[in-house]
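What follows is a single structure, written as structure tokens, with notes after it.
The values are calculated or read from the model by the stated rules, or taken from the named source; none is laboratory data. Just so we're clear, the structure is a prediction, and the values are computed from it rather than from any experiment. As a convention, Cβ positions derive from the backbone with ideal geometry for all residues, glycine included, and neighbour counts pool all protein chains shown. Accessible surface areas use protein heavy atoms only, side chains included; no ligands, DNA or RNA. Shrake-Rupley method; radii C 1.70, N 1.55, O 1.52, S 1.80 Å.
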Amino acid sequence: MSAREAAVTVRVPAKVNVQLAVGAARPDGFHDLANVFLAVSLFDEVTATAADALTVTCEGPDADKVPLDRTNLAARAAEILAARNGLSPLVHLHIAKNIPVAGGMAGGSADGAAALLACDALWGLNTSRAELLDICAELGSDVPFSLVGGAALGTGRGEVLTPVAAGSFHWVFAVADGGLSTPAVFREFDRLTADVVVPEPQASPALLAALASGEARELAGVLANDLQAAALSLRPSLADTLAAGTGAGALAALVSGSGPTTAFLVADEESAAKVAAALEASGTCRATRVATSPARGATVLPT
Ligand code: C5P
């Protein structure tokens, strides 16, 4: 690649958490996590083009739900990278969005990581991987994983990553009507656990072994999300979605991250199509998506 490109497009995956162990609230308001991230084959693409000012546009089925101002993590990424290099963020960022919005699949985080990589290439900065990861952590707890992809254990508030082994799996995702606020779900977790001693979050050895094995039935027995009770408490109807998926033959069902998207582990492609069709027919979700894991992290596409 030449030092500067006229336009750079980065493809970036969504994620599901196969284990989300949540500790007690920290003094800074965040929660320590043992967060096993898995990148799945639902992708956004972010294209960075030189412009007179920082602007963001978006296309895709959920485009009307994407903020186009400076609260968009793609815009924030461009601003932070520019500021660290004494530049002005003169870039147009176009997001081709396929990841469900406000869904617990790290769609906003994905766009932040993608924009960062795209601007780095557009401006010919060759920022080190370590600094890119540092900026990602500044953008949000899930953003470093969007850059890295594959499968990883996130500790701290989720931003300290250790790669883990993962075989391949098939998934169905059910997209709910409306979003759920991540801070609100964490607050509900605090409320629900107010009278108990919350243990230190630990990665489950059984889960990591099942993930590495590629055996869907093994993984189905150990999937765990400590935010699920909180998400269900705020959105009780998600229980109907979970039941519809397992009733149609999913091996396991869980809330994805802080929700409201729900994730269904299935045996194979055929089962994925069957479960997706049953979920659509059930009337308990707005849409479904079928995907496989793991998927590559943020990647510059060839021009
Ligand atoms: O890091 P990020 O900006 O994505 O986090 C959004 C919100 O989710 C935080 O403001 C916090 O309320 C909650 N959160 C948390 N503990 C984490 C990650 C996120 O409490 N480890």
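Of all residues being farther than 26 Å from residue 260 by Cβ and in a loop (DSSP other than H, G, I, E, B) in the range 73-103, which is least open to solvent (accessible area, probe 1.4 Å)? Just the residue, please. The residue in question is 89. When the range 188-198 is filtered for residues that are surrounded by 13 or more Cβ atoms within 10 Å (Cβ to Cβ) and not in a helix (DSSP H, G or I), the ones remaining, listed by number, are 193, 198.
Within the range 42-61, residues that are open to solvent by 20 Å² or more (accessible area, probe 1.4 Å) reach partners that are of a type in the set (Val, Ile, Thr) and assigned to a loop (DSSP other than H, G, I, E, B) with beta carbons closer than 8 Å, at six or more positions or on different chains, in the pairs 43/99; 58/66. If the condition is being touching a helix residue (DSSP H, G or I) at 6+ places or on another chain (Cβ under 9 Å) and under 24 Å from residue 214 (Cβ atoms), then the range 150-167 contributes 151, 152, 153, 154, 161, 163, 164, 165, 166, 167. Answer yes if at least one residue in the range 204-218 is of a type in the set (A, V, I, L, M) and within 16 Å of the ligand (Cβ to nearest atom), and no otherwise. No, there is no match, as no residue in the range 204-218 is of a type in the set (A, V, I, L, M) and within 16 Å of the ligand (Cβ to nearest atom). Of the residues making up the range 105-134, those that are touching a strand residue (DSSP E or B) at 6+ places or on another chain (Cβ under 7 Å) and assigned to a loop (DSSP other than H, G, I, E, B) are 105, 106.
Taking the criterion of being open to solvent by 60 Å² or more (accessible area, probe 1.4 Å) and not in a helix (DSSP H, G or I), the only residue of the range 264-280 that qualifies is 268.
Tell me, yes or no, whether the range 6-15 has at least one residue that is among the β-branched types (Val, Ile, Thr), open to solvent by 40 Å² or more (accessible area, probe 1.4 Å), away from the ligand (no atom under 12 Å from the Cβ) and in a strand (DSSP E or B). No - not one qualifying residue is present in the range 6-15.
Residues in the range 221-253 that are within 16 Å of residue 20 (Cβ to Cβ), buried (at least 19 other Cβ atoms within 10 Å of the Cβ) and among the small types (Gly, Ala, Ser): 230, 231, 252, 253. Is it the case, given these coordinates, that residue 179 is modelled with pLDDT under 95 and more than 18 Å from residue 154 (Cβ to Cβ)? Yes: the conditions hold for residue 179.
I'd like to know if the range 57-72 contains one or more residues that are of a type outside the set (D, E, K, R) and part of a helix (DSSP H, G or I). Checked against the condition, which is being of a type outside the set (D, E, K, R) and part of a helix (DSSP H, G or I), the range 57-72 yields at least one hit.
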